[in-house]
Amino acid sequence: MNLGLHMKRITVCLLIFIAAAAHLAATAAPIKLTVQAGTPGPQISPTMWGIFFEDVNFGADGGLYAELVKNRSFEFPDPLMGWIKLSPSLAKGELSVLAESPLNGNNPHYLRMKSEGTADFGISNEGFRGMGLHADETYDFSAQIRLVSGAPRLAIQLVGEDGTVLAEAKLEDFSPGAWKKCNATLKPNAQESKGRLNVILQNKGEVDLDMISLFPRHTWKERPGGLRADMVQLLADLKPGFMRFPGGCIVEGSELDRRYQWKNTIGPIEERKLLVDRWNYEFIHRPTPDYYQSFGLGFFEFFQLCEDIGCEPLPILNCGMACQFNSGELCPLDQLERYIQDALDLVEFANGPPDSPWGGRRAAMGHQEPFHLKMMGVGNEQWGPQYIERYARFAKALKGKYPEIMLVSDSGPSPDDDRFKFLWPKLRELHADIVDEHCYANPSWFFENTHRYDAYDRAGPKVFMGEYAAQSVAVVSPKNRNTLECALAEAAYMTGLERNADVVRMASYAPLFANAGAWQWTPDMIWVNSLQCFGTPSYYAQLLFSRNRGSTVLPVSCEPPPTGGAAPSFFVSAARDEAAGEIIIKAVNASQEPVEAAVELEGVTSVSPAAQAIVLASARLSDQNSFEEPAKVSPKTSPLEGAGPHLDYQFQPYSLVVLRIHATGK
Ligand code: AHR
């Protein structure tokens, strides 16, 4: 035999043996995972896992709000942005944006369209970077129209990217000299992701047009002019404990006159005054010149959404400070009254009786019953003594009138910098109820900080981890991706939040939504395009925690603590769901090796065999979901074999595992 070949074979065998031995060494020594089921810890707040909505990444217009027409009211500073003129060579016509005798003072511009009738002449709207049209679904067109002259006839068309007409309706007999809402129904005969809406004058005449709108008939709860059903369904599936809204930085505004003002977002939609979205111009590397807030999704709709999906509303209000990353403009303390009044009025809008001024506004919008507001945020990411001074005034007024409302204060944009270290002691002195902490950092920060809250003062303010997300590359890098590694890092961190549920009462991932064609900030929990949406691995990590929250923390220990290298890579928490009578173990194995565990349920005498293992895992840490493979990294549920007070379980590599075991104790 050839000696060289022989040696090669021996070497290959040796390498296989060494690899197998190493694998066995890594998998053979089981850890002992002990859950002290008979020694319950603190209660877990029903609001523990929530969601944070901000109108960033086209999250509202072009996202959750199902309106398909961009710049429907011609109020963008470039009044025809989003529209193009349709003027074939024989057509003779004119488009002008006018302001005399508008629809109302908050909506001062409209379009006048005039044609000589020599050929079709009109306008076409591109939607929010392409209009999504589903085949055979019904779409409701509406517009405010006023006849100026002649007897014009309008053709309303839904067309494909190449101009093919997919649906058409005709409108005529308009009211001379008076605005009138006109409606049409359209049913496209094919699906289109980059469709358009055409409004065409087909004969001689002149009309004024405003609030040109197109909605799918099918919306969340089939509400006319409502929300995208597929997106809300993803939120409802999370079973969130609360929803924080409307942001984020948009609460603050880059200057005070661009701040979010809830009173401008309620009432008839044609009277809600458009505002530029601060994400329009915030990132030079992601400019979005067509980003404005129509407020079709306003405060009434936010409250209604919370009610629909069964979560507590958490509105955040401006506290007299513009974004300190931008102008940092301050409302002088002696003029703060207006801001504080907005907060007081909001409580009345949400909870007041229909015969109160603001409760009456709510009732007029169709909601007689209160929305049961229990908490409110004062400021988003403010810092410095200026914040403390303003927070103290808000707290005095709000606690004076509504002592039952829990106030969320903030600790700035970082979880550990000088701003944070200044604010926390001051808020403690003020006996703040709960402090909002924010953290965007790379996955290692989350893996390394799972014990962050172990040493927090139990007697001080509670914690709301109001914004967090692992960044695969760097904070605000457009290269960040929603990888499995990020989701595992967040999940590991969440085990630490859960173990400290006596201090941490609420937490929410941020941001929530991103339109794939119009985003500014990544990563995000849910990605959407004009036709579809999907949850990222981070979405499923949130879902597993939220749907398996449990009501009481159970102490859990792990001996020896397994490592996948130098740093810990196995993280665990446990809880009891009192209503279901189940023990819930959540564990993250972030290493490439399986972790064998001998699980001991101390204090448990009998276990029902119908136990479950829910596993979120994938082959590579870099794995992601996409429109093509929306469920590539998604939870799989299977029966948990051999469930008993002692059970053996193998936590697979790169996984978040939830074990649900129905157990009774001594
Ligand atoms: O979530 C994106 C932004 O991050 C929020 O608007 C802001 O609060 C934070 O800086």
Completion exercise
The answer for the chain, accessible area per residue at 1.4 Å probe in Å², is 39
Problem - Mean separation of Cα contacts under 8 Å (6+ apart) over length of the stretch 83-216, as relative contact order % - result: 35
Fill in the blank from the handout: Filtering GluC sites (Glu not before Pro) in the stretch 602-666 by DSSP loop and by at most 14 other Cβ atoms within 10 Å leaves Glu628, Glu641
Exercise for the section: Averaging sequence separations of C-alpha pairs under 8 Å and six or more residues apart, then dividing by the length of the stretch 309-403, give the relative contact order as a whole percent. Expected result: 35
Practice task
For Ser101 paired with Asp355, estimate the spin-label separation in nm (one decimal), with each label point 7 Å from Cα along the Cα-to-Cβ line.
Solution key: 4.2
Completion exercise
Sorting Pro537, Ile156, Leu209 by the position of each Cα along the dipole of the chain (Lys, Arg +1; Asp, Glu -1; all at Cβ), the one nearest the positive end of that ordering is Pro537
Exercise for the section: Step through the table entries Lys85/Lys204; Lys32/Lys586; Lys374/Lys396; Lys399/Lys421; Lys170/Lys273, compare each Cα-Cα distance with 20 Å, and write down the pairs that go over it. Expected result: Lys399/Lys421; Lys170/Lys273
Handout entry: Inter-part distance where the stretch 386-425 and the stretch 629-663 are each reduced to a Cα centre, Å
Key = 41
Practice task
Between the alpha-carbon centers of the stretch 331-383 and the stretch 299-326, tell me the distance in whole angstrom.
Solution key: 11
Fill in the blank from the handout: What the 10 Å binned alpha carbon P(r) of the chain shows, as percent of pairs per bin from 0, is 3, 14, 23, 22, 17, 11, 6, 3, 1, 0, 0
Fill in the blank from the handout: On the accessible surface of the chain, probed at 1.4 Å with all protein chains in place, carbon and sulfur together account for a percent value of 54
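The values are calculated or read from the model by the stated rules, or taken from the named source; none is laboratory data. Predicted, not measured: the structure shown is a model, and the values here were computed from it. Glycine also receives a Cβ, built like all others from the backbone with ideal geometry; neighbour counts cover every protein chain displayed. Remember, those area values only see protein heavy atoms, side chains included, never the ligands or the DNA or RNA. Shrake-Rupley method; radii C 1.70, N 1.55, O 1.52, S 1.80 Å.
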